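Bear in mind these aren't lab numbers, they're just calculated from the coordinates by the rules spelled out. Bear in mind that the values here come from a model prediction, so they are computed numbers and not experimental data. Here Cβ is always computed from backbone atoms with ideal geometry, including for glycine, and neighbour counts include all displayed protein chains.
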Amino acid sequence: MTESEARRAVDAVWRIESARLIAGLTRIVRDVGLAEELAQDALVAALERWPHSGVPDNPGAWLMATAKHRAVDRLRREERHGRKLAEVAHQLRTDPAVPPDATALDDMGDDLVRLVFMACHPVLSAEARVALALRVLCGLTTGEIARAFLVPEPTVAQRIVRAKRTLAREKVRFEVPAGQELARRLPSVLEVVYLVFNEGYAATAGDDWIRPALCEEGMRLGRVLAGLVPKEPEVHGLVALMELQASRSAARTGASGEPIRLLQQDRARWDQLLIRRGLASLERAEELGEGIGPYGVQATIAACHARARTAEETDWGRIAALYGVLARLTASPVVELNRAVAVGMAYGAESGLRLVDTLTDDPTLRDYHLLPSVRGDLLARLGRGAEARSEFERAASLTQNQRERALLLERAGTYDTREYPETSGDVR
């Protein structure tokens, strides 16, 4: 195996296994910062050894075993951790490197839920909770997280470092809380779970438009939460939203991985089982609450698309109204951008453009590539080709996703007026 082949293999394994690896190590060492360092040490070891030895049959277990050995070595070198060494060393001796059965694998999955709740502890600010969870759960870089939240990269880096130190200093426990404490942390946990899913649904950076493993992990975590708090309507609303969005996954990319926008998708490829499950979860959310919350509203928007047999049958008027409801609940400029797309589809491009133009001076959208992308769509539909080309080129310069950049540059060259962004909770 060449070094470049090994690096590609390590990158692929890391994207799949990093969250479980960090969660499992956090259970052992009780320090999420140390767990991430040990996981990174194991990654370096893989880069050094796999070109010569090849990729092991169970690469995730290999990384875990290597990280555990590094944990023991590290603790032995630090005499001040003598008591902790004895405790951790005993656990390492009794915790096998390779999970012996399905139950052990389920335990590894449960570690992810515990890690989400740990990262969402109220001792951290809301911004720090989300940034830390995306770092350790998704393996996103600080740059990717910064772009997702439209904030400077150094700000995100500082949040993550401080969050790890705070969790260690406050000795936050690695567990799923109960009672009022669970209810207090739940909104932040739901936000993190959806961000995990959304990073898989439309990756902020890299060569892939979709990262299916993150979508699956987000849905799995959502279903676990629905089991933990079955009477919380927003949990079911989030599960519905993720399942309805994920139902389109097979139709969202072409044979070469290129993005296919909503109106051009082959709806016969939409997953009808996920649609039925999503609609059932939405019905459950509606039954439980007097009024559905932001995730439930977004799920209702996604359901409008799911119920439309063809693109032409989409009820854009209702979608625009629902985005109005969502805007009142969240006061988000991104939601307003989505509303502008829906208004443009329902009532004409000129109406949509008027709404978009009210957002152009919003500082949080200054470097948000979907703002010029949406504006380019609307201008192209109005026959203002030169302006549309400029907007598509600007959007291409702002996105960090290679697939999306290629699509935007193609549209800049052709003024394709047939392609519009998705409007099911995210303009992507």
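On a 0 to 90° scale, report how tilted helix 333-347 is relative to the longest principal axis of the chain, with both axes built from alpha carbons and the result rounded to the nearest 10.
Long axis of 333-347 versus the principal axis of the chain: about 30 degrees.
Read phi for every residue in the range 211-220 and hand back ³J(HN,Hα) as whole Hz from Karplus 6.51 cos²θ - 1.76 cosθ + 1.60, θ = phi - 60°, with x for Gly and Pro.
10, x, 4, 6, 4, 4, 5, x, 5, 4
Need the full-extension length gain, residue 258 to residue 2, defined as separation in residues times 0.36 nm minus the C-alpha distance. One decimal, nm.
89.4 nm
Pop a pseudo-label 7 angstrom from the Cα along the beta-carbon direction at both residue 400 and residue 73 and give the gap in nm to one decimal.
Using points 7 Å along Cα→Cβ, the separation is 3.1 nm.
Name the shape class, rounded, prolate or oblate, that the alpha-carbon gyration tensor gives for the range 117-255, where a ≥ b ≥ c are the square roots of its eigenvalues, rounded holds for a/c under 1.5, and otherwise prolate holds if a/b is larger than b/c and oblate otherwise.
It comes out oblate by the Cα gyration axes.
May I ask you to order 172-182, 113-123 by the average number of other C-beta atoms within 10 Å around their residues, highest value first?
So the peptides 172-182, 113-123, ranked by packing, come out 113-123, 172-182.
Per-residue counts of other Cβ atoms within 10 Å, averaged by peptide: what ranking do you get for 125-136, 312-323, 251-262, highest first?
Top of the packing list down: 125-136, 312-323, 251-262.
Counting helices only, and only those DSSP H runs with n ≥ 4, report the 222 nm mean residue ellipticity of the chain as the sum of -39,500 (n - 2.57) divided by its residues, in deg cm²/dmol to the nearest 500.
After summing the helix terms and dividing by residue count, I get -23000 deg cm²/dmol.
Which residues in the range 324-343 place their backbone N less than 17 Å from a point set 7 Å from the Cα of residue 366 along the Cα-to-Cβ direction?
333-334
List, in order, the whole-Hz ³J(HN,Hα) value for each residue of the range 228-237 obtained from phi through the Karplus relation with A = 6.51, B = -1.76, C = 1.60 and θ = phi - 60°; use x for Gly and Pro.
6, 10, x, 9, 8, x, 5, 5, 5, x
Counting residues in the chain as N, plug N into 2.2 N^0.38 Å and put the Cα Rg over that result.
That ratio works out to 1.03.
Over the chain, what is the mean sequence separation of C-alpha contacts under 8 Å (at least six apart), divided by residue count, expressed as relative contact order in percent?
11 percent
Can you compute 3J(HN,Hα) from phi for each residue in the range 186-202, using the Karplus curve 6.51 cos²θ - 1.76 cosθ + 1.60 with θ = phi - 60°, rounded to whole Hz and x for Gly and Pro?
Once rounded to whole Hz, the list reads 4, x, 5, 5, 4, 4, 5, 4, 5, 5, 4, 4, 5, 5, x, 6, 8.
Can you list the residues, at least 5 places off or on another chain, whose amide H is less than 5 Å from the amide H of residue 253, using H built in the peptide plane?
260
Kindly express, to the nearest 10 degrees and within the range 0 to 90, the angle between helix 126-138's C-alpha long axis and the longest C-alpha principal axis of the chain.
70 degrees
Over the Cα atoms of the range 315-428, what Rg and Dmax result, in angstrom?
13.1, 38
Relative to the longest principal axis of the C-alpha atoms of the chain, give the angle of the C-alpha long axis of helix 272-288, reported between 0 and 90° and rounded to the nearest 10°.
It is inclined by approximately 90 degrees.
Let's test the formula: R0 of 35 Å, r as the Cβ-Cβ distance of residue 331 and residue 213. What FRET efficiency results, to the nearest 0.05?
The pair residue 331/residue 213 has a calculated efficiency of 0.60.
For the pair residue 414 and residue 126, what calculated FRET efficiency results from E = 1/(1 + (r/R0)^6), where r is the Cβ-Cβ distance and R0 = 41 Å, to the nearest 0.05?
Efficiency, from the Cβ-Cβ distance: 0.45.
So for the pair residue 175, residue 162, with labels modelled 7 Å out along Cα→Cβ, what separation do we get in nm?
My value for the distance between the label points is 2.8 nm.
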